[in-house]
Protein chains: 2
Amino acid sequence: MLATPCLLLMLAAPPAASAEVPERLLRATQGQSQAVARLAELTDTVGPRLAGSPGAAAAVAWALRAFEADGLKAWLEPVTVTAWTRGEERAELLVGGPVLRPQRLAVTALGNSPGTAGGGLSAEVIEVRSLEEAAALGAQARGRIVFFNHAMATGGPGYGDTAQLRTRGPATASRVGAAGALVRSLATASLRTPHTGMTSWEGGASPIPAAAVSVEDAELLHRLLARGPVRVQLTLGCGFASPATVESANVLAEVRGRERPEEVVLIGAHLDSWDLGTGAIDDGAGVVMVMEALRQISLQPQAPRRTVRAVLFMNEENGLEGGLGYARRHAAELPRTVAAVEADSGAGRPLGFSVTAGEVGLALVRRLASPLASLEATRVEAGAGGADISPLQEAGVPTLSLQQETSRYFDWHHSAADTFDKVVPAELIASAAAMTIMAWQLAEAPETLPRVTSSPPVKAPPVPAPDRR
Amino acid sequence: MLATPCLLLMLAAPPAASAEVPERLLRATQGQSQAVARLAELTDTVGPRLAGSPGAAAAVAWALRAFEADGLKAWLEPVTVTAWTRGEERAELLVGGPVLRPQRLAVTALGNSPGTAGGGLSAEVIEVRSLEEAAALGAQARGRIVFFNHAMATGGPGYGDTAQLRTRGPATASRVGAAGALVRSLATASLRTPHTGMTSWEGGASPIPAAAVSVEDAELLHRLLARGPVRVQLTLGCGFASPATVESANVLAEVRGRERPEEVVLIGAHLDSWDLGTGAIDDGAGVVMVMEALRQISLQPQAPRRTVRAVLFMNEENGLEGGLGYARRHAAELPRTVAAVEADSGAGRPLGFSVTAGEVGLALVRRLASPLASLEATRVEAGAGGADISPLQEAGVPTLSLQQETSRYFDWHHSAADTFDKVVPAELIASAAAMTIMAWQLAEAPETLPRVTSSPPVKAPPVPAPDRR
């Protein structure tokens, strides 16, 4: 039985004084936003910040300073991360078959790939379109470089499917005896641009050298293979340091709730980035949105009912230790963590939120999103939160993910082109405003979202959260 | 006094039998074109072919074989080229001032740049927007890296102006004592993509290390310089081999004229390319258009009135020795070279021709272009021919340049992204057809174009030909 919209609105209405806050926040986060300047500072002065690297350490120090400069209570929580480094990387077509002259291929190692030994790996290339085709190669794969070639569709919806080739392709190739793997870059545009990302050796697959090739070079390999056998020399200097782990940290700050400080609304993004670009869209944009949201909330005459906690997670990209570590460290507190919201979809304008909190939760978030009408960001749909907050969701915490315009997101994602110039200031500012309003609303609303059960009543999201990595 | 259009048409009308040829050629070059397959073969199996490199030598052998496979009389004419090689290249922001962490910049050496000595060049960066600003730096430039930062407009019209910064900027910086030069890439799109190109030490400037930076890195430098002093470490392994010259060749083929074989219509393109990409649009496309035009003309029941000669020039990009050498070797023949047509504007669809042959010549070319109406390629305007044929124009030869759709040309030009996948087959085929028809028409028309005088009656072209390099 449905309540009338009017009745629903009356039931949910917070006290009159609080109702003015979202409007005021909306004006402030748009008029006096620090988000753009902060993002320029992070990406220009710190730059790339792959987990375990000195860049990541500099980013941790920068974030702590930035929160403190905003007058917030901030602190670090230690996270041990696996430290993978890139090193030299090159690939070359070898003369023979259809290849008359050696030719460089634009490649970049995948996260967690081992390096090639000695003088590099020289092997014949064998092309497949899917994990199934790779698994079916059997003895044909032995000693070869398995080349995963599957075009990603423009716009982003194709990422969930094709990301499987990157995360699981090399392990699949290893299981049938391949000596190496090349994966067509997951990209919706390319100027000979390789896109990196994590690959996984789950299931006990023996690690083999694995790299992404640019879209152009994938098409070149495809055309050459139609002419005859093709051999590639692959040289990767990547691998894990010794010891393979480094001490790092999540960076936290919070505004204590005025009535129920023990109840927490978490707003998060990830501070680490891939090393090729400066991580402006993935996920520097999310970092500065979270910073701006907490700052604006702290500037209100009174704090919201509940605590709002900002968490900048470490190593979303290549291990998720920050997200997993937060869930472990705060396990006792998770029953009172009433919502977790992640911003990890770039710097585009806000569209709304995806929510994992059942149908009742969806309806509540729709009401809470109503002040976002002027931003045209009231679309609220069932769907996964971000990767960092997925361990919280497993513990029952309702999760939300800021949805943004992403038509060009995968042009830049995980490539050297993820840089500050791709950000349209007004769009980033609007997304920061959407995060601010939603954080305030969740922390102020009289009611809370339903907890997530192990079989949530909403449709499973099409893209599992970790695939966004 | 103007003739009526009808009278003009009657005066210009070739014999009835010949009038059918353009229509037949138009159908054949579109229905049975080898242009696309040839371009794939050149770019995929030979790949980059910088003058003086083994790739260029392989391209010369490939082109000779290809002409012969078409049943044409083909030969080589020796050309001595300067052989510049690229080697290692990297640049890094150094910690200090606003820079908290070292950060890689995407750079590529400019053609004719010397390498950096020993451990590379470390120097403070000073930004200028023009050659004039650089020249005015005086002692401020001493020991510094002068950074030429000027945005190129989208679409191509900006190339002529901004190319001056690349061709003349480093020499200008050298004259005021700079230790090195960085030039913002001439590009209408970028995914952190540096674009190379020739720089010149004319006027006796002492060579200094000179590289292009990607558009993104140019904007990064600009933002950082607003925060404080910025130092860059530049390491370039480029330079001239010892000896600095290599024997190479122009590749020629021809169809002898049936009535006036001593009169020559030259159709040309350049066989060399920059080394970063595979030179599909610059100028593999022109090469295969010229090959296809000569092949189709050779397949006609009878040869045209005059000789059609295809010339694939060597080292248009970094020295123009092929174009200069052809003009010297054929000096005695140039008074009977009735036209030279170059295709060096990519693989886009044809728009028409630019012509340097006076107003009378323009009118004739307009009539000869009429069979191109179905290709919408009848736009005929005064303008320069290509770089390779500019020495012929100086000797009085009327020149034409195929004009093409180039809205994305400078997204790829001189970068690693100049690869076969950028070619739209139907557009390349249409441009090959336009070259074929114009070559036939010029070789068959009863009349010839007026010779070019030292002060041609047409308006000087806005972009001097060598700037297309």
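Every number in this text was worked out from the coordinates using simple rules, so none of it is lab data. This one's a predicted model, so the numbers in the text were calculated from it and none came from an experiment. A quick note on method: Cβ atoms are made from the backbone with ideal geometry, for glycine too, and the neighbour counts reach across all protein chains shown.
Among residues of chain B, the one whose Cβ lies closest to the rotation axis carrying chain B onto chain A, together with that distance rounded to whole Å, is B:191, 2.
Each other copy places its own label point for residue B:160 at 5.2 nm from this one, sorted shortest first, where the point lies 7 Å along the Cα-to-beta carbon line. Counted by neighbouring Cβ atoms within 10 Å, the residues B:389, B:429 run from fewest to most as B:429, B:389.
In order along region A:29-44, the Karplus-derived 3J(HN,Hα) couplings, from 6.51 cos²θ - 1.76 cosθ + 1.60 at θ = phi - 60°, round to 5, 8, x, 10, 5, 9, 4, 5, 4, 4, 5, 4, 5, 4, 6, 7 Hz, and Gly and Pro are given as x. With a 10 Å cut-off around each Cβ of B:274-281, the average count of Cβ atoms from other chains is 2. Site pair residue B:140 and residue A:122 shows an inter-label distance of 5.4 nm when each label is modelled 7 Å from Cα along Cα→Cβ.
Take each residue of peptide A:99-108, count the partner chain Cβ atoms within 10 Å of its Cβ, and average: the result is 5. Charging the Cβ of each Asp and Glu at -1 and of each Lys and Arg at +1, and nothing else, the dipole of region A:346-429 about its Cα centre rounds to 240 debye. Give me the angle, in degrees from 0 to 90, between the Cα long axis of helix B:285-298 and the longest principal axis of the Cα atoms of chain B, rounded to the nearest 10. With both axes taken from Cα atoms, the answer is about 10 degrees.
Cα centroid separation, region A:415-455 to region B:359-401: 58 Å. Counting other Cβ atoms within 10 Å as a rough exposure proxy, the listed residues A:326, B:159 run B:159, A:326 from fewest neighbours to most. What the Cβ-Cβ distance of residue B:24 and residue B:241 gives, at R0 = 51 Å and to the nearest 0.05, is a FRET efficiency of 0.55. Among A:431-437, B:184-190, A:32-38, the peptide with the highest mean count of other Cβ atoms within 10 Å heads the list, and the full ranking is A:431-437, B:184-190, A:32-38. Between region B:268-314 and region A:169-220, the C-alpha centres lie 38 angstrom from each other. The alpha carbons of region B:175-240 stretch over 34, 28, 22 Å along the principal axes, in descending order. Using bins of 5 Å that start at zero, the share of Cα-Cα pairs per bin across region B:245-404 amounts to 2, 10, 17, 22, 23, 16, 7, 2, 1, 0, in whole %. Taken along its principal axes, the alpha carbon cloud of the protein assembly as shown reaches lengths of 100, 67, 65 Å, longest axis first. Shielding by partners for peptide B:40-49, expressed as the average number of C-beta atoms from other protein chains within 10 Å of each residue's C-beta, is 5.
Given R0 = 45 Å, the distance between the Cβ atoms of residue B:376 and residue A:260 translates into a calculated FRET efficiency of 0.05.
The label point for residue B:151 and the one for residue B:189, both projected 7 Å from the Cα toward the Cβ, are 1.8 nm apart. With its label point defined 7 Å out from Cα along the Cα-to-Cβ axis, residue B:69 lies at 6.2 nm from the matching points of the other copies, in increasing order.
Compared with the dominant Cα axis of chain B, that is its longest principal axis, helix B:358-368 is turned about 60°. Debye-formula intensities of region A:123-220, expressed as log10 I(q)/I(0) at q = 0.11, 0.16 Å⁻¹, are -0.27, -0.58 (one equal scatterer per alpha-carbon, no solvent). Rounded to the nearest 10 degrees, the angle from helix B:159-175 to the longest Cα principal axis of chain B is 40 degrees.
Put a plus charge on the Cβ of each Lys and Arg, a minus charge on the Cβ of each Asp and Glu, and nothing anywhere else: the dipole of the protein assembly as shown about its Cα centre is then about 60 debye. If the chain linking residue A:95 and residue A:205 were pulled fully straight, counting 0.36 nm for each residue of separation and taking away their Cα-Cα distance, it would gain 36.5 nm. Charging the Cβ of each Asp and Glu at -1 and of each Lys and Arg at +1, and nothing else, the dipole of region B:206-256 about its Cα centre rounds to 240 debye.
On alpha-carbon atoms, Rg over Rh for chain B using Kirkwood Rh? Using only Cα positions, Rg/Rh for chain B is 1.01. In nanometres and ascending order, the distances from the residue A:245 label point to those of the other copies are 6.6 (point 7 Å from Cα along Cα→Cβ). Here the spin labels are modelled as points 7 Å beyond Cα on the Cα-Cβ line, and at residue A:132 and residue A:336 they lie 5.1 nm apart. The convex hull around the C-alpha trace of region B:34-184, projected and averaged over every direction, spans 13.1 square nanometres. Counting other Cβ atoms within 10 Å as a rough exposure proxy, the listed residues B:41, B:132 run B:132, B:41 from fewest neighbours to most. Highest mean packing first, where packing is the average number of other Cβ atoms within 10 Å per residue, the peptides B:69-76, B:122-129, A:305-312 line up as A:305-312, B:122-129, B:69-76.
Between the residues B:313, B:91, B:357, the greatest Cα displacement towards the positive end of the dipole of chain B, with unit charges on the Cβ of Lys, Arg, Asp and Glu, is found for B:91. Counted by Cβ distance under 13 Å from residue A:202, the other residues give a net charge of +2, where Lys and Arg count +1 and Asp and Glu count -1. Proximity of backbone amide H atoms, modeled 1.01 Å from N, is registered between residue A:245 and A:83 at under 5 Å, excluding neighbours fewer than 5 places apart on the same chain. The helix-based estimate of mean residue ellipticity at 222 nm for chain A, built from -39,500 (n - 2.57) per DSSP H run of four or more residues and divided by its residue count, is -9500 deg cm²/dmol to the nearest 500.
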